[in-house]
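Asks: Before I ask anything, let me first share the structure, which is written out below as structure tokens.
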Amino acid sequence: MTNTNSAVASELSTLTLHLQGGPARYLGLHLDERLDWTANTDILYRKGQSRLYFLRRLGSFNVCRKLLQMFYQTVVSSCLFYAVVCWGGSIKKRDEMRLDKLVRRAGKLLQMFYQTVVSSCLYYAVVCWGGSIRKRDEMQLDKLVRYNSGTCHLQKFSDDTAIVGCIRNGQEAEYRKLVSDFVSWCKLNQLQLNISKTKEMVVDFRKNRSPQAPVTIDGEEVEVVCTYKYLGVHLDNKLDWSSDTSAVFKRGQSRLYFLRKLRSFGVCTKHLWTFYQSVVASAIFYSVVCWGNSINKTAINKLNKLVKKAGSVIGLKLDTLEVVADKRTLNKLLAVMDNASHPLHYAVEKQWSMFSGRLRQLCCAKERRVRFFLPTAIRLYNESPYSSNTTDLLLSELC
């Protein structure tokens, strides 16, 4: 009886569509009186184009291969091939070519995003002259890159180089000599510095600031700036992280839009959470170890507002900024303690107490220094179970 009723209902709906004339939508399919599926393929093409745009945007966010393939299968492919059994063999050749064009375009995008391409100026230089570099130049490069004294060091990551100097009582000789040596080495190895993109930033918390002469390279003065973007982090000369949190908030808002769009496509909660972790959270919590405990309450509330909105979209309760910052800060300290070659390893080791198994807190005269990485990490370590486990281990060894 049930099968008969469903069959009658199907016939009645088909008859109604035929009598009304013109295209009509039934169960997601756009039917017309000629059954040539032209209206249906036009709408599928427009839907596929809009969803292909989001696939491009996901690729620009450096999303992993697994998530891109998952997005294509659940969002793009499910739209293009919806009820393909009904219309796949009945559409016109022109409509078939249009849909095939979208599929080929998606395939090219996925193939392009799947390739792992390493492109940096440093690696390019190594490929060019790595086989013919002289032993003396190699030793000079190694000495320069590893330069780290008590007041100056050279920080290098790929093709980005930063020279950091701590100047006391106007003693700038070592800092300027390190800059000069780096410029000379670049000239010696046919590497041209872009002086217009080279910036200098002075962090000075003294009340009576004395003006300093700018650094010069080949007779051209290096511009002194108040803010600078280094490795994706916006630094300022006050170290209050206001410019960085503003940039993070804008970036998080733009990526939250794509999370909402994914939900409107009917993506499941698991995939939404994966997208949040790989695209949204990676932007909000990028380098949170550096600034997570140093920003003001207003900035914390702004970023937590984004996290709360993302949680309402996904339907899950997500960790706040404070929780994520504390977890990652503690994990970073444990990694520093396990890595003897880390620059902070000796500084942390000096604070370790043999009797209690805890880390002695650093003496900080200013409130801003209390919120820096090392004092915050030591406090979190002493409050964590790791310090108590160390104490139990020491007691067992003494017994």
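The values are calculated or read from the model by the stated rules, or taken from the named source; none is laboratory data. Quick caveat, the model's predicted, so the values are computed rather than measured. Heads up, the Cβs are rebuilt from the backbone with ideal geometry, glycines too, and the neighbour counts pull from every protein chain shown. Protein only, heavy atoms only, side chains kept; ligands, DNA and RNA dropped before computing areas. Shrake-Rupley method; radii C 1.70, N 1.55, O 1.52, S 1.80 Å.
Asks: Not counting ligands, DNA or RNA, and with a 1.4 Å probe, what is HIS342's accessible surface area in Å² rounded to the nearest 10?
Replies: That residue has around 50 Å² of solvent-accessible surface.
Asks: Holding the Cα-Cα limit at 23 Å, pick out from LYS156/LYS177; LYS250/LYS309; LYS108/LYS197; LYS297/LYS327; LYS308/LYS332 the pairs that are longer than that.
Replies: On the way: LYS156/LYS177 17 Å; LYS250/LYS309 14 Å; LYS108/LYS197 35 Å; LYS297/LYS327 19 Å; LYS308/LYS332 26 Å.
Distance filter (> 23 Å) returns LYS108/LYS197; LYS308/LYS332.
Asks: Heavy atoms of the protein only, probe of 1.4 Å, neighbouring chains included. What is the accessible area of MET70 in Å², nearest 10?
Replies: 40
Asks: Please arrange LYS309, LYS93, LYS317 by accessible surface area, largest first, computed with a 1.4 Å probe and ligands excluded. Mind dumping the intermediate values first?
Replies: Details: LYS309 75, LYS93 135, LYS317 200 Å².
These residues rank, largest area first, as LYS317, LYS93, LYS309.
Asks: Follow-up. Using only the heavy atoms of the protein chains and a 1.4 Å probe, how would TYR230, TYR82, TYR346 rank by accessible area, largest first? The partial results should precede the final answer.
Replies: Details: TYR230 45, TYR82 105, TYR346 150 Å².
So the residues, ranked largest to smallest area, are TYR346, TYR82, TYR230.
Asks: Here is a follow-up. For the ranges 297-308, 360-371, what's the packing order if you count other beta-carbon atoms within 10 Å of each residue, average per peptide, and put the highest first?
Replies: On the way: 297-308: 15.7, 360-371: 11.4.
My ranking of the peptides, most packed first, is 297-308, 360-371.
Asks: Let me ask you something else. Taking the Cα-to-Cβ direction at ASN62 and at PHE157 and moving 7 Å from each Cα, how far apart do the two end points lie in nm?
Replies: Taking the two extended label points, one gets 0.9 nm.
Asks: Can you tell me the length gained on complete extension of the stretch ASP42 to SER184, counting 0.36 nm per residue apart and subtracting the Cα distance?
Replies: Values: separation 142, 0.36 × 142 = 51.12 nm, distance 6.28 nm.
That works out to 44.8 nm of additional length.
Asks: Put THR74, THR329, THR227 in order of accessible area, largest first, 1.4 Å probe: what do you get? Show your work: numbers first, answer last.
Replies: On the way: THR74 55, THR329 0, THR227 80 Å².
Final ranking, largest accessible area leading: THR227, THR74, THR329.
Asks: Among the lysines, select those whose C-alpha is under 26 Å from the C-alpha of LYS101, and discard any that sit fewer than 8 residues away in the same chain.
Replies: The qualifying lysines are LYS47, LYS66, LYS92, LYS93, LYS261.
Asks: I'd like the Karplus ³J(HN,Hα) series for the range 288-294: coefficients 6.51, -1.76, 1.60, θ = phi - 60°, whole numbers in Hz, and an x wherever there's a Gly or Pro.
Replies: Each residue's phi maps through the Karplus curve to give 5, 4, 6, 10, x, 9, 10 Hz.
Asks: Excluding ligands and nucleic acids, what accessible area in Å² is computed for SER210 using a 1.4 Å probe, to the nearest 10?
Replies: 60
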